[in-house]
Structure formats: C-alpha cells, structure tokens
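Some notes on the structure that comes next.
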Amino acid sequence: MKIIVYSTKPYDRRFLDEAVQSSNHSLTFLETRLTAATVKLAAGHDVVCAFVNDELDEGILKSLADMGIHLIALRCAGFNNVDLTAAKKNAISVVRVPEYSPHAVAEHAVALLLALNRNIHRAYGRTRDGNFSLEGLLGFDLYGRTVGVVGTGKIGCEFAKIMNGFGCHLVGLDIHTNPECEALGMDYVQLPELLQRADVISLHCPLTPETHHLIDHDAIEQMKPDVTIINTSRGACVDTTAVIAGLKSGKIGRLGLDVYEEEADLFFEDLSDQVIPDDTLSRLLTFPNVLITGHQAFFTKEALACIAATTIQNVTDFEETGKCKNQVQPTPA
Ligand code: NAD
C-alpha cells in the first residue's frame, strides 16, 4: 500500500521507517498537517496516516474518498478529530492504535503533578540563577490525599496504580467500572462527589460530547479550594476560560496541561522566535502555578516504537483481510 503520512517530525519518520521494513508498504512523509488546503497531496496514495491534530471532517473525507482513499490509519488512540459517520458514508475505514504505552501517559501525568506540587519548575530556574531561597516553593504531601481519576481505562488505571503507591485515596468516575481500579480500593462516584472530595483531579477520558468542557465554571465551583487539576486527555475536556478564572480567584492551586483546546496550530512546532498568537494560552503561561507541556505525554521510545509497529500492522491486516481489530466505528445514534 502507498501510505501518505501527515504531520511527521524526524522522530516519527525514524520509527515508521524501521517498522515499514517488515512490510511491502511504502511511506511518503509530509511535515504539514492534513487540512482542506493540504488534502490534495494525498492523490496517488492508498492510505492516509494521520495524527491527533489532523483534520478529518466531512469535506476532507469526501475529498479523500474521491481520490480513492479507503483507509485512514491513525497513529494515536483518540479519534475525536475524525467524523466517523462521514467516513462510513464515504466507504473509508478508520483504524487506530488503541494502546501503545498507557505507562507513558500516566507517568507524564504524575510528572506534571509532582513538578507542580513541589515547584520543581520554579526551583530549576531559581537554583541556576544562584537563588536558593525556599520562599514560595511550599508543597504538600501526596500521601493521604484524595485523587480523583476521570476515565479509568488503560491510562487512568495506570495513573491510579501509581497514586495508590504514593498512599493516596482514590475516587473514580467512569461509565464502566474497572475491576483493577476497584482492587486498588477506588471508590466510584458521580462527578459532583468526585469534585467535592478530590485534592487532585486527573483527566483520562476521551473527548466526547459528554466530556467536552467537563471542567467548566460550575465544576470548578464545586471543587475543594487549592485543588490541583491535571489534563493529559484532550484539551477541550477543560474550559480554558473557566480555569483561568479559577486560577485568578485562587480556587485552583495548580494546573498541569499536556493538551490545550486550541493546540492544533501551536503544538509540535517551535514558535520560540514568534509572538504567540493565542492570548488565552499566553495568559495561562503567565501563572507560576501552571505547567504546560506540548502534547508530550505519549513521547517515549517505547510508545513511538509501538505506535509505528501497530500502524503498519493495521494497514497490513486491512490489505490482507479487509478488516482490522483496531477499526473504529461510529457510535450508533
Ligand atoms: P481507554 O478507552 O482505555 O479509557 C478511557 C476511559 O474513559 C474508558 O474507561 C471509558 O469508559 C471512559 N469514559 C468514556 N466516556 C466517559 C465519560 N463521559 N465520563 C467518564 N469516563 C468516560 O483510553 P486510554 O487509552 O486510557 O486513553 C484515554 C485518553 O487519553 C484518550 O482518549 C486520549 O484522548 C488521551 N491520550 C492522550 C495522550 C497524550 O499524549 N496526551 C496519549 C494517549 C491518549
């Protein structure tokens, strides 16, 4: 199969080039994102390989179908950027990498939490500047605190295991309970109770209409004072304007974000010698108790190797059998 790979960086190419050796497929790498302006570059290929910020709306899927593309191979777990109904209508199958390293994302969520709580990001700058004062760096023991996990699937469960190791109490919210989390003593509750009980809230749910702006003004109102919020799921699960208000009022004590609702034109790019065009993100970056990483949680050697190998295998399975166990389907209305 001739696969066109959008949104690639040198690190993606390295792992995909290695994985493709075991197949008969060929890869064309593009740095650009898939958008209405770049969709025509897919002409002459059989498969489009896309990532988290590529646009796969109805218009783009129709254009791809017109070019004879029958398969979208996502090299990520989330598929909120794909209009699955339009894909089905246009006879395009969508496959993904449902699991690569839940440890990578869970460990990154913990890294954000620990850095924020103990002000490691601020201490790093200070000590390099010869400032060894502790003023403003006071943290709290995680031991004995209550951690709320929203979405207790593969990543949420790994995060819960680590927090359990720290001696935290666990409260969880999910539409399905996870026996592994229950075995850790997780107390499954509804959203209001989780918001009221948790000292730390970490999001690990997919972005769906139900989870869009799950953390909004109303939710923040119900949280404990000085709450820590960590989001490594999808940016739009959090209403950014609402968290800025919560930070300004002091209700939110710490905010760690690996994802941002308007990240598509910003993340994965080096904009260090430009003015950031997004005022909301710029405001977030001014808070000393906010730590932002640019959708980096998945970024480990193990995860990239697994993403590349699964993506190539997904295409092979589809070519050989017309189906693939990692296919995603639209939710029935
Ligand atoms: P998963 O499918 O194993 O788990 C998701 C869990 O969320 C499931 O248990 C599901 O029942 C639950 N859920 C669905 N709707 C919910 C709702 N309305 N309220 C509460 N829970 C709900 O997925 P996963 O592998 O654990 O990944 C979780 C999310 O993490 C992905 O959807 C993706 O958005 C995000 N992610 C981010 C990165 C990153 O680099 N930052 C990498 C991988 C995945």
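The values are calculated or read from the model by the stated rules, or taken from the named source; none is laboratory data. Because the structure is a prediction, the values reported are computed rather than measured. Quick reminder, even Gly has a Cβ in these numbers, built from the backbone with ideal geometry, and neighbours come from all protein chains shown. Ligands, DNA and RNA are excluded from the accessible area calculation, which covers all protein heavy atoms including side chains. Shrake-Rupley method; radii C 1.70, N 1.55, O 1.52, S 1.80 Å.
One table, with the values for the structure above:
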| quantity | calculated |
| --- | --- |
| For HIS169, residues with placed amide H under 5 Å, excluding near neighbours | GLY144, ARG145, THR146, VAL147 |
| Kirkwood hydrodynamic radius (C-alpha pairs) into Stokes-Einstein, region 193-333, 25 °C and 0.890 mPa s, D in µm²/s | 142 |
| For region 171-181, 3J(HN,Hα) per residue [Karplus equation, 6.51 cos²θ - 1.76 cosθ + 1.60, θ = phi - 60°, Hz, x = Gly/Pro] | 10, x, 10, 7, 7, 10, 7, 10, x, 5, 6 |
| Loop-resident sites, region 97-157, for GluC sites (Glu not before Pro), counting at most 12 other Cβ within 10 Å (DSSP) | GLU135 |
| Exposed-site-free run, longest, the chain (rule: trypsin sites (Lys or Arg not before Pro); DSSP loop; at most 14 other C-beta within 10 Å) | 1-322 |
| Nearest-ten-degree value, helix 240-249 long axis tilted from longest Cα axis of the chain | 10 |
| Filter on LYS301/LYS325; LYS62/LYS154; LYS161/LYS248; LYS154/LYS323; LYS9/LYS161 - keep pairs with C-alpha separation over 27 Å | LYS62/LYS154; LYS161/LYS248; LYS9/LYS161 |
| Length gained when the stretch ARG128-LYS62 is fully extended (0.36 nm per residue, less Cα-Cα span) | 18.4 nm |
| Gap separating the Cα centres of region 31-105 and region 163-200, nearest whole Å | 34 |
| Interatomic Cα distance distribution for region 102-292, bins of 10 angstrom, percent | 9, 37, 37, 15, 3, 0 |
| Unit Cα scatterers, Debye sum, the chain: log10 I(q)/I(0) for q = 0.13, 0.15 Å⁻¹ | -1.02, -1.27 |
| DSSP beta bridges in the chain [antiparallel fraction, %, rounded to 5] | 5 |
| For the chain, built as a Gaussian network whose Cα springs stay under 10 Å, the top-fluctuating residue of ASP54, ASP129, ASP239 | ASP129 |
| Rel. contact order, % - alpha carbon contacts under 8 angstrom, at least six apart, region 102-292 | 19 |
| Of all accessible heavy-atom area on the chain, the percent that carbon and sulfur account for (1.4 Å) | 52 |
| 1.4 Å probe accessible area per residue over region 102-292, in Å² | 48 |
| Inter-label distance for LEU114 and LEU285, nm, one decimal - labels placed 7 Å from Cα along Cα-to-Cβ | 2.7 |
